[in-house]
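Everything on this sheet refers to the single structure shown next.
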Amino acid sequence: MNKQFDQIIVGGGVIGCSIAYQLVKRGYRVLIIERNQVGCEASSAAAGMLGAQGEFAEDSPLFQFAQESRALFQDLSEELREEAGIDIQYRHKGIMKLAFHQQQYNKLKTVAAFQREADNAAYLLSVEEARKMEPSLTDNLRAILYLPNDGQVSARHLTKAFCLAACHHGAILHEQEKVSELLMEAGKVYGVRTTEATYYAGQVIVATGAFGDELLPADYSTIPVKGECLLLELEQELFQSTLWMDGCYLVPKQGKKVIVGASSIPGKTDKHVHAASVQKLLARAQKMVPQLAEARIRNHWAGVRPGTADEMPYLGEIPDIAGLYAAKGHYRNGILLSPITGIYMADLLENKPISPLYNDCFRASRQANKLEKAGESK
Ligand code: FAD
Ligand code: GLY
């Protein structure tokens, strides 16, 4: 069995698979090691929204990064269909954010102004205008913010497609194999030890989402944030846009299905779905679309978002360990950010010039530097 690679990627979530895909396309020999099955964690729990506007209320480098990533999906969906034979179910029908009272409406007005300032389409609609587009919406609304350019995909299909496309280009995938140790000598990484064997590479990328923190220094740890979802099945399609209110979103899927998401519980990594969460989600879902009371519950699940203290991902080399990289901490937006993350990490690994703005915000050492600076100023 070949044990020598150019890069080893630890973690077969959407992030690890997207990075693998970019690297093999550039001619590298890549090994992906997944402790369980590709996409088994957050990457298949996600609702698949591409909320490059919907998830952001103010400007930041991550907002810019998200815009760039969203713009890649149209071509990517065609590319992955060709390379992997998988339809990632890219839909481009926008997100509607609902305000039920004046205070929520005021918030939406501020977000709309920010979005327009950033040259993004963002429309404040009256209830009548919104109901012309989505007649199943409740009429008990104050107003709606419509973001037509946010889309959605099937998170599970996207992850699988990245993985298959990477393998199609020669990546090797080992599932049911856990990386237990990184091999390092003289300030350099040279491979990994797993439950099965030892593999060698001059570059190792830790893309373990909310897990695998033990592989990296403590400064790069993630904060797990559990999210519970439901899948509803309808008699007929009721709406096409993603609908969103405080504490709940509804993402319409193929086959008259709707994902209702999601709770947000920091510090929890269990996968139980609690009755109280289901009750809250269903109440909010029906508040947005009363007819959902008649929907059938087809499925429920929980996943763990990889949060970080400043809600930015860690994307970069670990200081003092040459060749060791982190690509984790995508929190609520890993599906949206996966295409750009793959390209960004491949550029970093190849020592290509990268945006100083992104480097400053995402580099793995930013937390350690902040703590050091805080210590100096005491
Ligand atoms: P993961 O998908 O968790 O993958 C990490 C992988 O590493 C896992 O498969 C794990 O088994 C493996 N691993 C861990 N340790 C080891 C080890 N030692 N050895 C080998 N393998 C290891 N994002 C969006 O953009 N849009 C959404 O609509 C959206 N909705 C969400 C809804 C919910 C309920 C949740 C929970 C998340 C949602 N997200 C969404 C966020 C998104 O799912 C995550 O940001 C993204 O999936 C993170 O991908 P990842 O590859 O970093 O992590
Ligand atoms: N981005 C949606 C969620 O994390 O629930």
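The values are calculated or read from the model by the stated rules, or taken from the named source; none is laboratory data. Computed from a prediction, not measured in an experiment: that's the story for all the values here. When we count neighbours, we look across all protein chains shown, and the Cβ atoms used for this are built from the backbone with ideal geometry, even at glycine. Calculation scope for accessible area: heavy atoms of the full protein, side chains included, ligands and nucleic acids excluded. Shrake-Rupley method; radii C 1.70, N 1.55, O 1.52, S 1.80 Å.
Per-residue SASA remark: CYS40, around 50 Å² accessible (1.4 Å probe; ligands, DNA and RNA not included). When PHE73, PHE100 are compared by accessible area of protein heavy atoms, the largest-first order is PHE100, PHE73, using a 1.4 Å probe.
Quick one: check the C-alpha center-to-center distance for the range 214-273 versus the range 102-173, whole angstrom. Each part reduced to its Cα centre gives a spacing of 15 Å.
Using a 4.7 Å Cβ-Cβ cutoff, the cysteines of the chain lacking any partner cysteine are CYS40, CYS167, CYS229, CYS248, CYS361.
The string of couplings for the range 199-209 from the Karplus curve (6.51, -1.76, 1.60, θ = phi - 60°) is 10, 10, 6, x, 10, 10, 10, 8, 10, 9, x Hz, one whole number per residue in order, with x for Gly and Pro. Among the protein heavy atoms, those of CYS361 account for about 30 Å² of accessible surface (1.4 Å probe, every chain in place).
How far, in degrees from 0 to 90, does helix 155-168 lean away from the longest principal axis of the Cα atoms of the chain, to the nearest 10? Helix 155-168 sits at roughly 30 degrees to that axis.
Expressed as a fraction of 2.2 N^0.38 Å, the C-alpha radius of gyration for the range 239-378 is 1.38. Among ILE265, ILE335, the sequence by solvent-accessible area, most first, with a 1.4 Å probe is ILE265, ILE335. Only protein heavy atoms count here; on that basis, with a 1.4 Å probe, LYS256 has an accessible area of about 90 Å². Once backbone amide H atoms are built at 1.01 Å from N, TYR314 has LYS328, GLY329 as its partners under 5 Å, excluding neighbours fewer than 5 places away on the same chain.
Please compute, over every Cα-Cα pair in the range 92-175, the percentage with a separation greater than 17 angstrom. Counting every Cα pair in the range 92-175, those more than 17 Å apart make up 59 percent.
For the pair the range 314-353 and the range 22-86, the centres of their Cα atoms are 12 angstrom apart. Quick check: from the Cα gyration tensor, does the range 1-64 come out rounded (a/c under 1.5), prolate or oblate? Oblate, because a/c is 1.5 or more while a/b does not exceed b/c. The H on the amide N of ARG142, modeled in the peptide plane, is under 5 Å from the matching H of ALA99, PHE100, HIS101, each at least 5 residues off or on a different chain. Accessible surface area normalised per residue over the range 59-209 is 48 Å², counting heavy atoms of protein chains with a 1.4 Å rolling probe.
Three principal axis extents describe the C-alpha atoms of the range 188-274; from largest down they are 56, 27, 22 Å.
Quick check: at a probe of 1.4 Å, how many percent of the accessible area of the chain sits on carbon and sulfur atoms? Taking all protein chains in place, the chain shows 48 percent carbon and sulfur surface.
Taking each residue as 0.36 nm, the span from ASP119 to GLU58 lengthens on full extension beyond its C-alpha to C-alpha distance by 20.7 nm.
Separation of the alpha carbons by more than 30 angstrom is noted, of LYS25/LYS226; LYS109/LYS132; LYS268/LYS352; LYS132/LYS256, for LYS25/LYS226; LYS268/LYS352.
The 1.4 Å probe gives accessible areas that order GLU185, GLU117, GLU228, GLU68, largest first, as GLU117, GLU185, GLU68, GLU228.
Mean sequence separation of contacting Cα pairs (under 8 Å, at least six apart), scaled by the length of the chain, corresponds to a relative contact order of 23 percent. On the basis of the beta-carbon distance and an R0 of 45 Å, ASP246 and GLN4 show a calculated FRET efficiency of 0.30. With one equal scatterer per alpha carbon and no solvent term, the Debye-computed log10 I(q)/I(0) for the range 238-314 at 0.21, 0.24 1/Å reads -1.02, -1.22.
Converting phi to 3J(HN,Hα) with the Karplus coefficients 6.51, -1.76 and 1.60 and the offset θ = phi - 60°, the range 91-98 yields 10, 10, 10, x, 10, 10, 9, 9 Hz in sequence order, with x at every glycine or proline.
Normalised by 2.2 N^0.38 Å, where N is the number of residues, the alpha-carbon radius of gyration of the range 29-175 equals 1.26. Enclosing the Cα atoms of the range 146-240 in their convex hull gives a volume equal to 212 cubic angstrom per residue.
Against the compact-protein benchmark of 2.2 N^0.38 Å, the Cα-based radius of gyration of the range 63-119 scales to 1.59. When the alpha carbon gyration tensor of the chain is reduced to an equivalent ellipsoid, the three semi-axes, largest first, read 37, 23, 19 Å.
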